[in-house]
1. Give me a count of the residues in segment 13-30 that are part of a helix (DSSP H, G or I) and either in contact with a strand residue (DSSP E or B) (Cβ under 9 Å, 6 or more places away or on another chain) or surrounded by 14 or more Cβ atoms within 10 Å (Cβ to Cβ) (or both).
2. Can you name the residue in segment 55-109 that is basic (Lys, Arg) and more than 16 Å from the chain's Cα centre (by Cα) and, of all such residues, is modelled with the highest pLDDT?
3. Would you pick out the residues in segment 39-67 that are open to solvent by 70 Å² or more (accessible area, probe 1.4 Å) and assigned to a helix (DSSP H, G or I)?
4. Please go through segment 31-76 and pick out each residue that is closer than 21 Å to Ile15 by Cα and among the polar types (S, T, N, Q).
Amino acid sequence: MRFLIPANSKKSMLIFGAFTTFDLILFASGISVTIIMLLIIAPNSLFTAVIDLMPAVICGFLVLPVPNYHNIRIIIQEAYRFFTTRQKFIWKGWCVKDEYAEESQQVHK
């Protein structure tokens with residue numbers, strides 16, 4: 001899935017209509033790490049409680065569904081790809097004839 005789709009167009013392919021398998025694995029791993037951290041680091045203060053809950057909060061934020069995208073994780077991935085890859089946008093509209101193809105054929109003759 002390397003393409004953006006409207007949030008409501010492929011809901012039947014998603015688990016609970018909102019999550020992919022990777023999203024649920026990511027969220028479950030964040031919850032698991034949080035439970036392990038709660039057992040290791042007892043939340044005696046607000047600071048340690050925040051530290052203990054951070055994996056679940058971060059993973060929950062990443063899989064949070066948003067309109068016009070699948071979730072926050074996809075927005076971050078697309079922003080990273082946009083700013084790190086070379087951009088070459090080829091627009092091909094609803095034209096009867098392709099002018100560039102005709103020009104390239106005339107050049108090669």
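The values are calculated or read from the model by the stated rules, or taken from the named source; none is laboratory data. Computed from a prediction, not measured in an experiment: that's the story for all the values here. Neighbour counts are summed over all protein chains in view; Cβ atoms, including those assigned to glycine, are modelled from backbone coordinates with ideal geometry. With ligands, DNA and RNA removed, areas are computed over all heavy atoms of the protein, side chains included. Shrake-Rupley method; radii C 1.70, N 1.55, O 1.52, S 1.80 Å.
1. Residues meeting the conditions: 6.
2. Per the stated criteria, the residue is Arg86.
3. Leu39, Ile40, Leu46, Phe47, Val50, Leu53, Met54, Val57, Ile58, Phe61
4. Ser32, Asn68, Asn71
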